[in-house]
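Okay, so here's the structure we're looking at.
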Amino acid sequence: MKNLETATSKNKAKEELLDKIMTNLTQACNFDPKNAQAYTYRGRGFLFKSEYKRALFDFSAAIHALNNYKGQAYDQKPTRDFFLAFPFDSMDDAKPTPNPAGSLSINYNFAGMCNHALGQFEEALAHYNIADSWIRRVKSSTNLDENLRSDILFNRGQTYTSLGGIDNLNKAIVDFKAASDLQKDKSNTERHKTLFNLGIVYRRIGDKKQSIEKLIEATTLNVSKAATSNNLGLSHFDNEEFDLAMNCFQIAAGAEAILVETPDKGSEEDLAFYYNNMGLC
């Protein structure tokens, strides 16, 4: 109970800090519509809060500012409180982008994420394609650029997957594979999400061998152990390797059972699903 109270207190403090920062960013947007950086970061705040329409407005405003007021953005580094409030994967993730092409690519990518969340898949693809075209104009090869490139490819792959159909699924595979190639030296979390999705798409097109290979590789990263093991089990099941499938479902159920005992971590519905899959074996 004490751990839950501590976590709740920390989340409340973070939400209050985020609201304070968002208020200041709104003031910046109101006083200076040329400030693309303010719109981008406020948009990220709305994205974090799942307010996708408001976030999309801000990323569109940032794009307008970048296209019409050259050199007016991305010239200040955020403070420590900013990093504490915003859900960045790393400090590098929030650093200013020193070139207009990179800044435009970032905002088109975020706009695509908003479209995807709103179910506007064709619009999302259009934004990801523009983001991809801008990042290709960046001649440097920094970690920030590679992270952005892989993020665009991964996001576009997800949208192709959501659209479905064999042509779109094959396009998703191309994007996921390209993203995976850029993530070889990245964190386990980054590498896992791409391999995980790649394995699922391979299963959807009926390539069970590739699906199993990618999901086995994903399991070695020790991220989302339950979901990954379950999906590997599904691929083995489709391949009529029932003993291997049962073993994967048992691992998934065991991992989820541990999470269920932790506040806000596990899902009893997922646990039931894994046991259901064991029963089918």
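By average Cβ neighbour count within 10 Å, what is the ranking of 154-160, 275-281 from highest down?
Result, highest mean Cβ count within 10 Å first: 154-160, 275-281.
Between the range 111-167 and the range 177-248, what is the C-alpha centre distance in whole Å?
So the separation of the two Cα centres works out to 22 Å.
Taking 7 Å along the Cα-to-C-beta vector as the label spot, tell me the Asn239-Glu146 distance in nanometres, rounded to one decimal.
That separation, rounded to one decimal, is 3.0 nm.
Looking at the square roots a ≥ b ≥ c of the eigenvalues of the Cα gyration tensor of the range 195-245, which shape do they give, rounded for a/c under 1.5, prolate if a/b is larger than b/c, or oblate?
oblate
Residues of the range 179-205 with amide nitrogen under 17 Å from the 7 Å Cα-to-Cβ point of Ile166?
It comes to 201-205, nothing else.
Give, as a single signed number, the net charge of other residues whose beta carbon lies under 12 Å from the beta carbon of Leu271, with Lys and Arg counted +1 and Asp and Glu -1.
Residues close to Leu271 contribute a combined charge of -4.
For labels at Asn30 and Glu122 in the simple 7 Å Cα→Cβ model, what's the distance in nm?
3.8 nm
Past 18 Å, Cα to Cα, is the threshold; run Lys193/Lys214; Lys53/Lys193; Lys177/Lys208; Lys171/Lys225; Lys184/Lys214 against it and keep the listed order. Please report the intermediate quantities before stating the final value.
Numbers: Lys193/Lys214 11 Å; Lys53/Lys193 25 Å; Lys177/Lys208 16 Å; Lys171/Lys225 27 Å; Lys184/Lys214 14 Å.
With Cα atoms farther than 18 Å apart: Lys53/Lys193; Lys171/Lys225.
Using the beta-carbon distance between Leu259 and Phe48 and R0 = 30 Å, what value does 1/(1 + (r/R0)^6) give for FRET efficiency, to the nearest 0.05?
Once rounded, the FRET efficiency stands at 0.85.
Measuring from label point to label point, each 7 Å out along Cα→Cβ, what is the Tyr69 to Arg136 span in nm?
Each label point lies 7 Å from its Cα, and together they span 3.1 nm.
Using only the Cα atoms of the range 158-281, construct the convex hull and provide its projected area averaged over every direction, in square nanometres to one decimal.
7.7 nm²
Quick note: the coordinates plus some simple rules give every number you see, no bench work behind them. Here the structure is a predicted model, which means the values were calculated and not measured. With ideal geometry, Cβ positions are generated from the backbone for all residues, glycine too; neighbour counts draw on all protein chains shown.
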